[in-house]
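Asks: Please see the structure below; I have some questions.
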Amino acid sequence: MEKYILLYGDKKKEDNIWLINNFKNIQSINLGWTDFDYSNNMKIIEKYINKGIEQIIFSGLEIGWDKLITDIKEKNNNLKIKVICNTQDSLLYYEYERENFFKLLELSKKELVDDIAFLRKGQYETYKSLGYKASYLMENYILKPEKKVKIKEANSIIDLGIYPLNYTWDKNIFNQLCIAKFLDNCNLNYNRLDERMEDFLNTMQIHNTPESIEIVEEKIIEHLSKNDIIIATSFTDYVHPIFLISMELGIPCLIGNNSDFFEKQDDLKKYVVTNAEDNPITNSEMVKEMIKNKEKIQELYQNWKQEYNKQAQKSIQDFINK
């Protein structure tokens, strides 16, 4: 069944990268801050309902969208409404995340939401065991042939890229920046989200090049392509676009132990997954190994990715057809 529309907002642009890459039928709507936003969103949704869609998928439950869902379901009881959960329990530290997540669970209990897709297997298993209608959705990213760009050629300077897309505690930013201090002949390219990052690097006397990234696929690819190695060692995450795009480009990326990617791939995992997100010395040693084994890492990644692509696509189709 392909008669669906996936609705997304602009609050979590990091999520939208993989959504746009994987779903065919997708439409942006406003966050529901005002009555105008509600009316505008409802007009968009009614247009698709009149075209004969059979289900609406929301990317997350953002502010005001609970009212949309309630009113849509009241008028169109046979229409399926599904939500892709865009948070996880560790992020309920934030009031916004907690409030919207509890609203989502309540909508599910009232059978106004027919299915919640979780992007982490443990979270899916937890809420399914609690009785919620749930699916496990595997995030993915496939680099289209036309997106390929010229990658930086190896030279005596190590270009290390650190591109957090949000300035929040869970992104583990300053531990990542420290890694460059323990690498010889290293230049750190980084997304300057806050002046404190620049102050810290200059105080630590780390050679750096500040950049400013527009969070769209093409711009991220452009920035990543300047580097030999990418670092993306967040403390916690449910989507990993920097990691996937980097690896698709053939640039090894060090990731934190916060994904379900390599459960049975220890040969690749030992190179690209750290168990010490807050230890820059350990992670600098891993970077050195990644540089030495760049071709091997890419070979292992391609072998893993072929099967992962199939599994991820199946999880998307199963979720849509459920």
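Asks: Would you pick out the residues in region 101-115 that are open to solvent by less than 10 Å² (accessible area, probe 1.4 Å) and within 18 Å of D71 (Cα to Cα)?
Replies: L104, V113, D115
Asks: Suppose we filter G32, G60 for residues that are in contact with a Gly (Cβ under 7 Å, 6 or more places away or on another chain) and either within 27 Å of E217 (Cβ to Cβ) or in contact (Cβ under 8 Å) with a residue 40 or more places away in the chain (or both); which single one remains? Quick ask: steps written out before the conclusion?
Replies: Details: G60 fails: in contact with a Gly (Cβ under 7 Å, 6 or more places away or on another chain).
That would be G32, the only listed residue that is in contact with a Gly (Cβ under 7 Å, 6 or more places away or on another chain) and either within 27 Å of E217 (Cβ to Cβ) or in contact (Cβ under 8 Å) with a residue 40 or more places away in the chain (or both).
Asks: Now for a different question. Across region 75-89, what is the total count of residues that are part of a loop (DSSP other than H, G, I, E, B) and either touching a residue at least 60 places away in the same chain (Cβ under 8 Å) or crowded, with 22+ Cβ neighbours inside 10 Å (or both)? Step through it out loud before you land on a result.
Replies: So in region 75-89, the residues part of a loop (DSSP other than H, G, I, E, B) come out as 76-79, 85-88.
Now narrow it down to the ones that are either touching a residue at least 60 places away in the same chain (Cβ under 8 Å) or crowded, with 22+ Cβ neighbours inside 10 Å (or both): 85-88.
Count: 4.
Asks: Now for a separate question. How about region 188-209: which of its residues are open to solvent by less than 50 Å² (accessible area, probe 1.4 Å) and either touching a Ser or Thr at 6+ places or on another chain (Cβ under 6 Å) or of a type in the set (K, R) (or both)?
Replies: Within region 188-209, just N189 meets the criteria.
Asks: Would you pick out the residues in region 172-201 that are farther than 15 Å from P280 by Cβ and not polar (S, T, N, Q)? If you could, list the steps in order and put the result at the bottom.
Replies: Pass one, region 172-201, residues farther than 15 Å from P280 by Cβ: 185, 187, 189, 191-196, 198-199.
Once the filter is applied, which keeps residues that are farther than 15 Å from P280 by Cβ and not polar (S, T, N, Q), region 172-201 yields R192, L193, D194, E195, R196, E198, D199.
Asks: Next question, about the same structure. Given the options K67, K73, K103, name the one that is farther than 30 Å from F235 by Cβ and out of contact with any strand residue (DSSP E or B) (no Cβ under 9 Å at 6 or more places or on another chain). Can you show your working first?
Replies: On the way: K73 fails: out of contact with any strand residue (DSSP E or B) (no Cβ under 9 Å at 6 or more places or on another chain); K103 fails: farther than 30 Å from F235 by Cβ.
Every option except K67 fails the conditions.
Asks: Residue by residue through region 226-248, note down the ones that are closer than 17 Å to K150 by Cα, open to solvent by 10 Å² or more (accessible area, probe 1.4 Å) and of a type outside the set (D, E).
Replies: The initial filter retains those residues of region 226-248 that are closer than 17 Å to K150 by Cα, namely 226-230, 245-248.
Remaining after also requiring open to solvent by 10 Å² or more (accessible area, probe 1.4 Å): 226, 228, 248.
Matches in region 226-248: K226 only.
Asks: Right, here's the next one. Every residue in region 114-132 that is within 23 Å of the chain's Cα centre (by Cα) and assigned to a loop (DSSP other than H, G, I, E, B), please. It would help to see each step written out before you state the result.
Replies: Kept after step one, since they are within 23 Å of the chain's Cα centre (by Cα), are these residues of region 114-132: 115-128.
Within region 114-132, L119, R120 qualify.
Asks: Counting just the residues of region 38-58 that are touching a Lys or Arg at 6+ places or on another chain (Cβ under 8 Å) and within 17 Å of Y4 (Cβ to Cβ), which one comes out surrounded by the fewest Cβ atoms within 10 Å (Cβ to Cβ)?
Replies: Taking region 38-58 as the starting set, the residues that turn out to be touching a Lys or Arg at 6+ places or on another chain (Cβ under 8 Å) are 38, 52-58.
Then drop every residue that is not within 17 Å of Y4 (Cβ to Cβ), which leaves 52-58.
Values: G52: 7, I53: 18, E54: 13, Q55: 18, I56: 24, I57: 22, F58: 24.
Checked region 38-58; the qualifying residue surrounded by the fewest Cβ atoms within 10 Å (Cβ to Cβ) is G52.
Asks: Also: Could you list, in sequence order, all residues of region 13-37 that are open to solvent by less than 50 Å² (accessible area, probe 1.4 Å), charged (D, E, K, R) and more than 14 Å from the chain's Cα centre (by Cα)?
Replies: D37 - this is the single residue of region 13-37 that is open to solvent by less than 50 Å² (accessible area, probe 1.4 Å), charged (D, E, K, R) and more than 14 Å from the chain's Cα centre (by Cα).
Asks: Something else now. Six or more apart or on different chains, Cβ atoms under 7 Å: show the pairs whose first residue is in region 167-194 and of a type in the set (F, W, Y) and whose second is in a loop (DSSP other than H, G, I, E, B) and open to solvent by 20 Å² or more (accessible area, probe 1.4 Å).
Replies: Y167/L193; Y167/D194
Asks: Okay, next question. For residues in region 116-163 being surrounded by fewer than 17 Cβ atoms within 10 Å (Cβ to Cβ) and in contact with a helix residue (DSSP H, G or I) (Cβ under 7 Å, 6 or more places away or on another chain), which is nearest to I230 (Cα to Cα)?
Replies: I151
Asks: Please go through region 133-147 and give me each residue that is within 24 Å of P241 (Cβ to Cβ) and either in a loop (DSSP other than H, G, I, E, B) or modelled with pLDDT of 95 or more (or both), ordered by number. Lay out the reasoning, then the answer.
Replies: First, the residues of region 133-147 that are within 24 Å of P241 (Cβ to Cβ): 134-147.
Selection gives A134, S135, Y136, L137, M138, E139, N140, Y141, I142, L143, K144.
The values are calculated or read from the model by the stated rules, or taken from the named source; none is laboratory data. The model shown is predicted, which means the values in this text are computed figures rather than measured ones. Every residue, glycine among them, receives a Cβ derived from its backbone with ideal geometry; neighbour counts consider all protein chains shown. Ligands, DNA and RNA are excluded from the accessible area calculation, which covers all protein heavy atoms including side chains. Shrake-Rupley method; radii C 1.70, N 1.55, O 1.52, S 1.80 Å.
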